[in-house]
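The values are calculated or read from the model by the stated rules, or taken from the named source; none is laboratory data. Since the model is a prediction, treat every value here as computed from it, not as a measurement. Counting neighbours? That spans all protein chains shown, and the Cβs are built from the backbone with ideal geometry, glycine included. Protein only, heavy atoms only, side chains kept; ligands, DNA and RNA dropped before computing areas. Shrake-Rupley method; radii C 1.70, N 1.55, O 1.52, S 1.80 Å.
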Amino acid sequence: MALRRSPSSTCAESWPNGAGFMRVATALSESSSIHSDALFHLTRDMSGIGLDPMYYSILEPEPVKEEPWAEESQSLLQRNSMQSSPNEDKIPVVGSTSNPQVSGEGLYFCDGQRKVDYVLVFHQRRHGSIRSPASTSVSQDRLSIVSNGNFPPTGASDVAPARGDGIPGGEAASVGEVFMELGAAGESESTEPADHEMHLIRQEFEANLIEAGLEIERDRELKAHGPSFTRLHAPWPVLCREAEFLKIKVPTKTSYELKEESGFGSSMSTVWRKLNQPFQPKVSHQDHGRTKFLSHCFSRDKLHLYNITSKDTFFDNATRGRIVYEILRRTVCARTCQTIGISTLIAKGVYDAAFPIHDGDYKVIGHLEERNDRQVLHEEWAKYSAFYKYQPIDLVRKYFGEKIGLYFAWLGVYTQLLIPASIVGIIVFGYGVATVDTNIPSLEMCDERLNFTMCPLCDGACDFWHLSTACGTARASHLFDNPATVFFAIFMSLWAVLFLEHWKRRQISLSFSWDLTGIEEDEEHPRPRYETILLQKRQRKQKNKKKKKKNEPEKQEDGTVTGKDRWRQKLLSAMAAGIPSAIEKLTWKDRLPGYFINVSSILFMFGLTFSAVFGVIIYRITVSALMAMSPDPETKSNVRVTVTATAVIINLVVILILDEIYGAVALWLTELEIPKTETNFEERLILKAFLLKFMNAYAPIFYVAFFKGRFAGRPGNYVYVFNDYRMEECAPGGCLIELCIQLSIIMLGKQLIQNNIFEIGIPKLKKLVRALKEKESAQTEKEEERPPQQWNLDYALAPFEGLTPEYMEMIIQFGFVSLFVASFPLAPLFALLNNVIEIRLDAKKFVTELRRPVAVRAKDIGIWYNILSGMGKFSVIINAFVISFTSDFIPRLVYQYMYSQTGTMHGFIDHTLSYFNVSNFKPGTAPHNSEHGDITVCRYKDYREPPWSADAYHFSKQYWCVLAARLAFVILFQNLVMFLSLVVAWVIPDIPKTIVEQLKREKKLLVDVFLQEEKDKFQLIQSLFAKDANLQPSSHMLQPGQSIPIPGRYSTLPSGPTAGDGGGGTRARCRAASFSQFSRKAPPSPRNENENSRHTAV
């Protein structure tokens, strides 16, 4: 029912008894018997809770017989209203029972029959009044509904007690008008204007929800402070209507047997199932049989086709919650605040929260056979002891919806495929351990007899040193920098492609089994901020138009528009004012300031990230110089290890801090762009957050891999920072070992601290704070002690804030596994161990610590797949450059096949070291006190001409050969891996062959079902007309106005007046013939027909 304020509703009218009444009138069409009957039943049900139907005497039809359940409900509601407090809000809803056992542990309304599908929460804020008790008056809001005269009469004896003396004598029950109390106020308290406005908005919103067909229940007793709960229930007609609108696929009665494998494949499948049996969760309803029911989009005209065993369980709780959310999302508050949807009202503070409730407690109490879905998920999925089991993905999807089900399915596939990658990584690392004692370059570095005297690591304070002191670094470097690393890099690049292809097949299989094939994208409503900005823009335009009209002088000359033209102009302007606001939208000009702030802020964040990396570089340089000046020889010997470890820890702390900052900044920047829908908002937020967090996590690693030591210069011509500190160089064993240390500490630190400790610790801390607050409020307020209902328990849980943080941490981890895996072969192993814990941690969080999210339908993981695909391609390039430029793999190959006289690696270290004449040091940079005696020549790692050459200290020919080989390897590696990736993607089809065959078979079976239905209709109609012809053989003449009925698919019902209307009733609506219209069941009574129609009418 559409509500509008009457002219008298601008202020409350004072009556002799001190009560104020607010009148709100709604005009209904006189031909709408459906609305009239619906309003009558609504007011009759409200009579027990202070909503008083008035007696009237217009067009009194025959009385309608009361149903037993209605009488019981009415008596119960009257009893509740008599027990309620005077300051109770009275709304068109059912009062809740005080006995928790009746309500099925908080999952049902007070009658124990209707499920609680959704809960709205708002805080009742009361403020003490300064007025004296003598001047205190009770203000009440009333809703006046103007009837069209189709209400059945109500006995005056029933009305008089309910009215009491609340209506003044002059405003006695006017004919055809019904008063219903909707507002409330305390005896000695008054609400603030803002709270009263919120109260009116809630009234209108809930009235519109009732008009949409939902049923509402509120608490009998409203607390002075704290949350108040409004429970919503969607009856069967509303579920049917919305399921048809949303095109929800439901199973039909038709089923078919899945094709079984035969021969060797069948025996292998049987063996595999037996081997997997210990790893399967004990979920009773997981269907492993060979029977599948056909599914079809729900239609109210085809109810006979569906396998409806019970109307209460045909739609599961997740689907019911989604249907109610769709109604909440599109319900309009036009009278009070001009907004659409529950999200806007939550943003405005009208409601605090809105959520579907869980299926009871997650702790199993009683027999295991009686477990609900939440308890099954907790026992078989959300416990760490179940880490070795497969996930019950079908049950996760059934309970949380497709979007969350796809996330956990993707996480499971990713974790499973990390197992072979971990095994290969362990083999590669084992190869390095096995060959470290036979590796010739590391043996040469550790050989003290070769006596390579190296140039000082710093100016002045540092002395010459022997290369053999870096033996440990060289041996450790070989563990990760060996020929097997190249194979592992190629393997991981192909693994990334294989992972994406396998996920595509798994996604298609899930879409088929979850009946997601062919679904359309749901229409999305604008976000609250978008609506607010659009409203402000519209108001500015109206103000500008008014200013222009005021500024324009009235034309009185010949050019004046008069008469018929003036009337036409006014009519056109009025029509223009009535154009829907959806035509107006925000343009790029409205978003230009947001775009400008976005670009500048992102550039600033990039600069901040680079500044943090540069600050750590300065730290490394200064600490290295200070430790080198230390007189303690042990301190000098541990310079590199100490500096590298402490710098990486500082990097980790900075990354964790900036991660939190960048997440908040990305959210703020996305809000500035004013995206229209939630999907656009989520995609833009993901892109910004990923870009900022990617730069933050990988900037230090990129520096070590590709920039450290490249611009340090050479002895006698070093590059200085701030004219005092020399740029740092790579370790004698190369930068790969430092890259490995950097990658391992950052990866393990992020996973341990951010992904696990933060996810466990912060929710526990928030829960503790909420518990302390509730304890304090419980001490201050003395309430009746009763067990908390399910909605109370769920409201105490943390709200669900989306899957973006969960996906983001896994995507960053995927980067660690794929991008720089050539430097750290054990990365897949650590990722696997983390993910085994992560799955159970996320499961426990969703089952026990978060409110139940709305079941969102999704066909895929969205933009995350594109990010994964881009990172997989980017990893090929990164690994190619890491192998060719960061490791010594290419210099070893060049030396072995071009410069080695024996074809072995003997002499490789001497080949990579250049000579420097110590007399060429700049003044003040040579060692002040040398313990190595008279040194004339020192060595440094580079390919340069010796000092006795004509081109002293210039790059040698070996340098250019190695550079050419490195570039050639990059090109060869990229093309080879890309080609193999395309081959893998081509060999593995996106859609499994069995799914293709089943889809074809289902289409054929559905066509057969509908053809058979049409055939049955045709035969039934023919038999009906044949029977009619036999009963009336003599009636060959047509009555005036009648036409010959043509049996067939497009025949319609007769369009004449219905029986019992006396010719004066409303005309029955013509609809296409369906099977149910020609069934042999008795036709429903007009009352029941109207009762169903009021829910299905939109």
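Can you send over the carbon and sulfur percentage of the accessible area for the range 617-768, probe radius 1.4 Å, protein chains only?
Whole-percent figure for carbon plus sulfur exposure: 69.
What's the extension gain from residue 874 to residue 800 if we count 0.36 nm per residue and subtract their Cα-Cα distance?
So the chain would gain 23.4 nm between residue 874 and residue 800.
Roughly to the nearest percent, how much of the accessible area of the range 361-517 is carbon and sulfur, given a 1.4 Å probe?
60 percent
Taking 0.36 nm per residue of sequence separation and subtracting the Cα-Cα distance, how much length would be gained by fully extending the chain between residue 546 and residue 279, in nm to one decimal?
88.9 nm
Looking at the square roots a ≥ b ≥ c of the eigenvalues of the Cα gyration tensor of the range 723-769, which shape do they give, rounded for a/c under 1.5, prolate if a/b is larger than b/c, or oblate?
Judged from the Cα gyration tensor, the range 723-769 comes out oblate (a/c at least 1.5, b/c at or above a/b).
If one computes the Cα centroid of the range 481-505 and of the range 338-381, what distance in Å separates the two points?
41 Å
If you count only protein heavy atoms with a 1.4 Å probe, what accessible area per residue comes out for the range 381-516, rounded to a whole Å²?
Accessible area per residue, the range 381-516: 36 Å².
Roll a 1.4 angstrom probe over the protein heavy atoms and tell me the percent of accessible area of the range 926-1027 that is carbon or sulfur.
Accessible surface attributable to carbon and sulfur in the range 926-1027 totals 65 percent.
Test of understanding: what is the full-extension gain from residue 1028 to residue 272, defined as 0.36 nm times their sequence separation minus their Cα-Cα distance?
This chain segment gains 265.8 nm when fully extended.
How much accessible surface does residue 311 have with a 1.4 Å probe, in Å² rounded to 10?
Number for this one is 120 Å².
Rounded, prolate or oblate: which fits the range 807-926, taking a ≥ b ≥ c as square roots of the Cα gyration tensor eigenvalues, rounded meaning a/c under 1.5, else prolate when a/b beats b/c?
prolate
Please list 715-721, 678-684, 945-951, 833-839 highest first by mean number of surrounding beta-carbon atoms within 10 Å per residue.
By packing density, highest mean first, the sequence is 833-839, 678-684, 715-721, 945-951.
In whole angstrom, note down how far apart the Cα centers of the range 719-767 and the range 623-683 are.
Between the Cα centre of the range 719-767 and that of the range 623-683, the gap is 7 Å.
Under a plain spin-label model, where a point goes 7 Å from the Cα along Cα-to-Cβ, how far apart in nm are residue 290 and residue 925?
Output for this residue pair reads 8.1 nm.
Taking only protein heavy atoms into account and a 1.4 Å probe, give the accessible area per residue of the range 272-337 in Å².
Value for the range 272-337: 54 Å² per residue.
Once R0 is set to 35 Å, what does the formula 1/(1 + (r/R0)^6) return for the Cβ-Cβ distance between residue 667 and residue 247, expressed as a FRET efficiency to the nearest 0.05?
0.60
Along Cα→Cβ, 7 Å out, is where each label goes; now give me the distance between the ones at residue 645 and residue 449 in nm to one decimal.
Distance between the two pseudo-spin positions: 3.4 nm.
With a Förster radius of 56 Å, plug the Cβ-Cβ distance of residue 635 and residue 301 into 1/(1 + (r/R0)^6) and report the FRET value to the nearest 0.05.
With R0 = 56 Å, the Cβ-Cβ based efficiency is 0.05.
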